[in-house]
Amino acid sequence: MSANILLHELRQNRKSILTWSTGLVVVIFIFFSLFTSFTKDAALMNDVLARFPEELRDAFGLGNLDLSSVEGYYAFSFVFCQLLMAIQAAGYGFGLLSADETELRADYLLSKPISRANVLTSKLTAALLSLLITDLVLAAATFSAIALFRGGMSYKPAAIGLVLLGGALFQLVFLSVGLLLSLLVRKIHSVTPYALGLAFGTYVLNAFSGVFQDVKLELLTPFKHFDPGYIVRYQALDRPFVLADLAIIVISIGLSYWLFYRRDIAAV
Amino acid sequence: MRVIEVSQLTKYYGKSRGIVDLSFDVEEGEIFGFIGPNGAGKSTTIRLLLSLIHPTSGSAKLFGKEIASAGAGLRKDIGYLPSEVFYYEDMKVIDLLKYSASFFDGDCSARISELSDLMELELGRRIRDLSYGNKKKVGIVQGLLHSPKLLLLDEPTSGLDPLMQRKFFDLIRQENARGVTIFFSSHILGEVQRLCSRVGIIREGKLVEVSDIRSLQQNNYKKIRVNLRGENPITTDLQGVSNLQTENGLAQFFFRGDINTILRKLAAADVGDISIEEPSLEEIFMHYYE
């Protein structure tokens, strides 16, 4: 790994870390500022929700949530955080190597006396650190929002911690799959549509999986694998899914090294 | 010592041609010109030497080492100036140059300030605010700051004004005087003629000729222009005559062969005026592309 590339990439990511962290903090605080009014009418709320068609509740991930508990409410709001986290991680993944090529800086970097494996390792580490910083900000925002708004209600910090840990692994899936996909196409002209496509695509797949109950499309999407509702209810990660995802992460990254090593860097 | 050895190097991008069966050598301390029109395969050749792309077949050595197996360390002694220069747009020039220097051993800061003074490059400006010519200057400085032993220059002068071009050529000559080998690709023949000792001509991916600049000019063609008052004895039937143009008694043509055959022909004619010149590289070059 090269410290100079790592530092350079982290510096390049400064704005994006700030933007996504702010976004997550805002989401958490907006949701939790409404928590008190939610719990006040919790019985009513749960009653209303119970009247909704089951498919609709599933589509919004409300199927097995108790919105009157801190954990349940957090799981409900965390789905929106996941959407942002997926976009951020997929963006890093798609852009990790392709941005240099699109903006024609790849010739600059790769003509330096440094191996491609080294370049990829350094950039990957920078992306992982960027995600880690974002996740730490999210964790800090989570626990301060809960402390501020829980109104004396008790909760299980371990469950919240597990949701956050799941979130971090969830991001790795998007990072590694985005990276692999970026190396499978000849040229990515703009990272944003790819990142949004992957994030929203998998999100919608999860949402709709509740609607078409026979077709098990949800098996494909990390939104299902890391369903915060499940994690809160069982106080555990959905192990088979998570193991499968870990395998996907390892395989995607391994393949990416191989593809990048063999790649013809696109010129003008 | 041979700094560059290219042997039967071939590159296809899918089905489209990059270069085909290219073989040539560049000796240490040479300024080698690589001429061809856009799309001939000049950039492809340079980018193959840098392992930015991988050959379909054939091989190349730099400093006597196979590029395919030598590893990244080989590029320590190479300075590269791409034809299109793009960098991190939001960086300041000085930060980009420092970042470039961080890939090499030793302190390059003295060299950075020396080179940017020479090229009149403002170090405090952001890359995105620079004109094309100024970006090119950044490219020149970052290609030279680690004092490489081999310079791969891909159309280095495009975007530079004539004054800067001259400074740049002086710089290249200075580097060359220190023993640096220079591989200079261009489609502008005048500059190659001024700078290079040897030249390779590439056309549609194939090397048409590798030759001394002098012998290319001297041994081959003469450009003859003659003003005739009477009948014109020169025709294209005559062996060695090409590109004949006649207009109002003025005949202009290229001649290759024993000059006496032409002089005897002309001695019999009524000649008003005559000039026999070395053709410019440009004119020779056009000949290869007919």
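Listed by first and then second residue, the pairs linking a residue in region B:237-252 that is closer than 12 Å to residue B:227 by Cα to a residue that is among the polar types (S, T, N, Q) and not in a strand (DSSP E or B), with Cβ atoms under 7 Å apart and 6 or more places separating them unless they lie on different chains, are B:246/B:232; B:251/B:232. Counting only strands (runs of 3 or more DSSP E) that fall entirely inside region B:137-209 and contain at least 1 residues that are within 15 Å of residue B:79 (Cα to Cα) and under 10 Å from the mean Cα position of the chain (by Cα), the qualifying elements are B:150-154, B:181-186.
Of the residues making up region B:58-81, just one is out of contact with any Leu (no Cβ under 8 Å at 6 or more places or on another chain), crowded, with 17+ Cβ neighbours inside 10 Å and at the interface with chain A (Cβ under 8 Å from one of its Cβ atoms), namely B:72. Residues in region A:5-35 that are polar (S, T, N, Q) and farther than 15 Å from residue A:76 by Cβ: A:12, A:13, A:16, A:19, A:21, A:22. For region A:98-113, a tally of residues being within 13 Å of chain B (Cβ to nearest Cβ) and either assigned to a helix (DSSP H, G or I) or in contact (Cβ under 8 Å) with a residue 40 or more places away in the chain (or both) returns 10.
Screening the candidates A:122, A:111 for the property of being among the polar types (S, T, N, Q) and crowded, with 22+ Cβ neighbours inside 10 Å yields one hit, A:111. Of all the residues that make up region A:175-193, how many are over 16 Å from residue A:256 (Cβ atoms) and among the β-branched types (Val, Ile, Thr)? The number of residues fulfilling the criteria is 1. Test residue B:105 against the criterion of being within 12 Å of chain A (Cβ to nearest Cβ) and either within 21 Å of residue B:183 (Cβ to Cβ) or out of contact with any His (no Cβ under 8 Å at 6 or more places or on another chain) (or both), and give yes or no. Criteria met by residue B:105. Which one of these is over 26 Å from the mean Cα position of the chain (by Cα) and assigned by TED's automatic domain parsing to the domain that holds residue B:155: B:123, B:97? After applying the criteria, what remains is B:123.
The values are calculated or read from the model by the stated rules, or taken from the named source; none is laboratory data. From a predicted model like this one, the values you see are computed outputs, not experimental measurements. Here Cβ is always computed from backbone atoms with ideal geometry, including for glycine, and neighbour counts include all displayed protein chains.
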